[in-house]
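Every number in this text was worked out from the coordinates using simple rules, so none of it is lab data. Just so we're clear, the structure is a prediction, and the values are computed from it rather than from any experiment. When we count neighbours, we look across all protein chains shown, and the Cβ atoms used for this are built from the backbone with ideal geometry, even at glycine.
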Amino acid sequence: MPVLSFSSFGRGARDAAIRFPVPILIAAAFAAAAVAREAGWSGGVGAPWSKLFAARFPSDYQAAFLATVASTLWAEGRGWPAAGRIAVSVVAAAATFALLWFSEATQPSRVLVFVGFGLAVVVAPFGVRRADGSAVWAFGAGAASGAVVALLGFLVLVSGAFAIEQAIRVLLLDGVLRFGSTTTRFGIPVFLALAQMGWLRTLPRHDAQPAPSLPLTAPVVIAKWVLVPVLAVYALVLLAYAGRLAVAGSLPKGQIGTIVPWFGAIGTVVFLGLQRERDRGQRVADWFCRLWFPSLVIPVGLLVIALGHRIEPLGLTERRGILLVFTVWLVVLVALFAPRLGRGDIRLIPGVLLVLSVVFAAGPFGLVALGNRDQAARLTAVLEREGMIEGGRIRQAGDGMLGAKVRVEAMSIIRYLGRHHGLTYLAPLFAGRGDDPFRQGKEVAAADVERRITGFPNDAGRADAAADPTLVFSIKQEPAVLHAGAVRVLGPFRIGFGSQDVARSIGGITASTDGKTVTVTAGDGRSARFELIPAIQKRAGESAGRQTVIEQPVELDAPFGSERLRILLQGGVLTVRRSESTYSGGSFYVVIEPAV
């Protein structure tokens, strides 16, 4: 495999340009588009070429780059001439841009798109035909090591350019250190394009003869003597946790939904990396490759149980769907390789995940569309339970039928659907109503749907949150005080990342927090104090996934003189340490209502 270096870059760039012309053009187009956007040459949102500079354009270009690399390798593996390789790359680029630029119709999961294209680069040269395992391993190792070298080169270029720029500023110009630098604005996209071109230069050909023996390289040493022991100890910890659950008769809690996928993915990469060491008298590699997939049986079983326990009450979302895809991947790998002690076609390891990514990446059966339908059905069930659905249509909103907790849950679902182009799934609820926001066939703002269902505008003060005659609210951009009958809603109050947050007053109500408690005080001396950690742990600790991230609202209430006071926490992170636990980075609303 050629080595990426400055001395050989020019010579290798010519070969890469001949072999990968379309990917190089996309890398260069990304750099040019990024520089144009930073320089203000993009023409604004209304320009006909505005999608070239959209907010997510970096990820769009990178996805198209990987797609064209994979398609070129696929055509190369079948012996196609240069014209055929260019044609299939152009088709792949056009299809990728269409998939991502028209996301309202295609509803793509960008994570699975990237995972799928990245894995396609590894398996594309060989496809499904029978191939020599050593050739597959050699190509995958060459592609991965080239990517690592290119990434390191990119980081060195960015760091060096930033240091030079700051030295010029401090020593020769105004003497002020600035982090919003020219390097970060213009240099990063250019250096990234150069790194991508350098990586293309290092990509081996699929039919290159692998080396007869593998030298003792740093990655192999790290895998054998660092990662293998760490994974072994981690496996014992997971087995001990499973034993404790069996004795207690309880279900998995905590961060099992985060731990097991990372554990499984890292260990599987190590398994692939040690394949050339296997059956060569290397006992560590031999034993690890034999026992890796059998050791995943119990952790993956815990993950399946925990994931079902997570999805059943809260529904499917894109994030949970991604976790589900990785869970199915691990289950299939365990079923294929554990009974044979790690023997089998190693192409199945990336291949299975590639197939799952392709199936669920976009379209009506993609994770985004499935999650949208599930969340819309969940919202409909919530409204039916609250008596707001009559004859399949929603009744008049804003009449106090929704309690504070249900209102926040409904707002959370509507905002999720708004972010994922799923509001149209709610259109049947408004059919035939005079205020149907979908009747004109145009894109509907989440604020309008939210106002009609919950009676409260989304993020009070937004231009698309039209006034409702049942509401009286006063705002100064933010915060807001809203009145609905005898109910007052104040907020949001922010909970920062410091050890002590500054007290804040809204509408005569002051709230302060230290990351563990919230104290709410009124001007007439009434006060209420809430313990955050136990309430959050009770809500989040029963679930799988990213439990430290508060995904669903957490409600706490207490007497407040002659009234009742509730706080509704949303977002933020629960950090659990041995000495203490804290909550930070979220916000909360204060709801004051008559005591029942």
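Protection proxy ranking, highest mean first, for peptides 142-150, 25-33: 25-33, 142-150, where packing is the per-residue count of other beta-carbon atoms within 10 Å, averaged. Per-residue extension of 0.36 nm, minus the Cα-Cα distance of residue 415 and residue 328, leaves a gain of 28.5 nm for this segment.
Globularity index of segment 250-356 is 1.14 (Cα radius of gyration / 2.2 N^0.38 Å, N = number of residues).
In order along segment 557-562, phi translates into HN-Hα couplings of 9, 6, x, 9, x, 7 Hz, rounded to whole numbers, per the Karplus curve 6.51 cos²θ - 1.76 cosθ + 1.60 with θ = phi - 60° and x for Gly and Pro. Packing around the peptides 69-81, 329-341, taken as the average count of other Cβ atoms within 10 Å per residue, puts them in this order, highest first: 69-81, 329-341. Binning the alpha carbon pair distances of segment 342-403 at 10 angstrom intervals from zero yields the distribution 19, 27, 19, 17, 11, 7, 1, expressed in whole percent.
Report the relative contact order of segment 215-338, percent, no decimals, based on alpha-carbon pairs under 8 angstrom and at least 6 residues apart.
On the way: 78 pairs, mean separation 39.6, N = 124.
Computed value for segment 215-338: 32 percent relative contact order.
Phi angles across segment 414-424 convert, under the Karplus curve 6.51 cos²θ - 1.76 cosθ + 1.60 with θ = phi - 60°, into 3J(HN,Hα) values of 5, 5, 4, 4, x, 6, 10, 6, x, 5, 4 Hz, Gly and Pro given as x.
For segment 53-162, what relative contact order do you get, as a whole percent, if you take Cα pairs closer than 8 Å and at least 6 residues apart?
Numbers: 75 pairs, mean separation 34.2, N = 110.
For segment 53-162, the relative contact order is 31 percent.
Residue 220: net charge of surrounding residues, Cβ under 13 Å, Lys/Arg +1, Asp/Glu -1, itself excluded? Display every interim value, and only then the final one.
Working: positive: 224, 276, 278, 280; negative: 277.
Result for the local shell: +3.
Mean sequence separation of contacting Cα pairs (under 8 Å, at least six apart), scaled by the length of segment 281-362, corresponds to a relative contact order of 43 percent. Using a Förster distance of 56 Å, how high is the FRET efficiency between residue 435 and residue 207, based on the Cβ-Cβ distance and rounded to 0.05? Once the sixth-power term is evaluated, E becomes 0.30.
From the largest down, segment 233-274 spans 38, 17, 11 angstrom on the principal axes of its Cα atoms. A cut-off under 11 angstrom between Cβ atoms defines the neighbours of residue 593, and their net charge, with Lys, Arg +1 and Asp, Glu -1, is +1. Per residue, the Cα convex hull of segment 65-127 amounts to 68 Å³. Estimated from the Cβ-Cβ distance and a Förster radius of 56 angstrom, the FRET efficiency linking residue 359 and residue 531 is about 0.80.
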